[in-house]
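Trainee: Got a structure here, written out as structure tokens. Questions coming.
Read the figures in this text as sums done on the coordinates, not as results from a lab. Just so it is clear, the structure is predicted and the values come from calculations on it, not from any experiment. Cβ: placed from backbone, ideal geometry, glycine included. Neighbour counts: every protein chain shown.
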């Protein structure tokens, strides 16, 4: 697990506890699945945009699969830049982390 990985998992669990009802939304401008066959979706829990909230809290960073920017790319980038500037979450815990949305995040060792 990378730096802030456990804390990110805890944040996700607090926002979407086991048994939560979720909604998955496909962005028609993006691929259906990633190279590992995983669905690429936006996730809502009780109306909360989970993708955006995790980025806003510094528990995640945007990654644009194959560089493709979907409908929410600008909102995700803005949230990440604000979280990084405020040193929230991984941006405080893992100072070497780069905001590079065309590459998967590399926060380094815990």
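Trainee: State which residue is nearest to the chain's Cα centre (by Cα) when the search covers only region 1-13 and only residues that are exposed (fewer than 12 other Cβ atoms within 10 Å of the Cβ) and touching a residue at least 60 places away in the same chain (Cβ under 8 Å).
Mentor: 6
Trainee: Exactly one condition in (1) over 15 Å from the mean Cα position of the chain (by Cα); (2) surrounded by 11 or more Cβ atoms within 10 Å (Cβ to Cβ) is not met by residue 21; state its number.
Mentor: Result: residue 21 passes all but (2).
Trainee: Among the residues of region 27-42, count how many are in a loop (DSSP other than H, G, I, E, B), touching a strand residue (DSSP E or B) at 6+ places or on another chain (Cβ under 8 Å) and without any contact (Cβ under 8 Å) to a residue 40 or more places away in the chain. So that I can check it myself, show each step before the final result.
Mentor: Going through region 27-42, the residues in a loop (DSSP other than H, G, I, E, B) turn out to be 27-32, 34-38, 40-41.
Checking which are touching a strand residue (DSSP E or B) at 6+ places or on another chain (Cβ under 8 Å) leaves us with 27, 32, 40-41.
Subset that is without any contact (Cβ under 8 Å) to a residue 40 or more places away in the chain: 32, 40-41.
Residues flagged as in a loop (DSSP other than H, G, I, E, B), touching a strand residue (DSSP E or B) at 6+ places or on another chain (Cβ under 8 Å) and without any contact (Cβ under 8 Å) to a residue 40 or more places away in the chain within region 27-42 amount to 3.
Trainee: Still on this structure: From 16, 79, 61, grab the single residue that is more than 18 Å from residue 107 (Cβ to Cβ) and under 15 Å from the mean Cα position of the chain (by Cα). Before the answer, list the steps.
Mentor: On the way: 79 fails: more than 18 Å from residue 107 (Cβ to Cβ); 61 fails: more than 18 Å from residue 107 (Cβ to Cβ).
Answer to the check: 16.
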